[in-house]
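Scroll down for the structure; my scribbles are underneath it.
The values are calculated or read from the model by the stated rules, or taken from the named source; none is laboratory data. Being a predicted model, the structure only gives us computed values, none of them experimental. Glycine also receives a Cβ, built like all others from the backbone with ideal geometry; neighbour counts cover every protein chain displayed.
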Amino acid sequence: MDTLQKAVSTVATTKLLTSAGGHKDLGREHAISCGARPLDLGRSRGRLQLNIALRYEIVARPEYPRTERFKVSTRWYQHHVLTADGREVALFHWHPVTGHGPHIHVGALESGGLLTPRSHVPSGRVPIEAVLRFLLTELKVKPAREDWRDVLDECEFDFRRFASWLGHPTLDKPTTATPQP
């Protein structure tokens, strides 16, 4: 959870909220979010908001060394990029119980009716670090800290190192190069 908070600190100073027991209770689903209101990214062009919702489980791995004995396993996520008045820009979802794989909903997109906000555009799983990088580089959100590139690289490296859904843990650096503005 500390890594996730550190990643979010690249765009906002708001503290994420974790459900009771969310730092230590094993074997049950926990939630982390920005609370009842999305994060205000007022320092951005066009005043954007980000709503983060993620469910996870803390999993014991007794066969691993002590420093890696426990890991956070994502169960689903919904990360919403919104305009200041609540219109959808991009929604990054993974909620496996619905039968949809990881996908993105796009809002306010001129596609001649081909895509609607209800369309499920396949995406693969998208870590929050990639969403934050998208906000900073593509949507021109002003960073809340100067070292945001290094912070996101470090956090995404940690995330990918323990990601079981990649097929195997990888020690490769993040594959998304951060473009220079």
| query | Residues of the stretch 1-50 being among the hydroxyl-bearing types (S, T, Y), part of a strand (DSSP E or B) and surrounded by fewer than 18 Cβ atoms within 10 Å (Cβ to Cβ), which ones? | reply | T18, S33
| remark: For the stretch 58-74, pairs from a residue that is under 14 Å from K24 (Cα atoms) and among the aliphatic types (A, V, I, L, M) to a residue that is surrounded by 12 or more Cβ atoms within 10 Å (Cβ to Cβ) and modelled with pLDDT of 90 or more, with Cβ under 7 Å and 6 or more apart or across chains, are I58/D25; V72/Y56; V72/I58
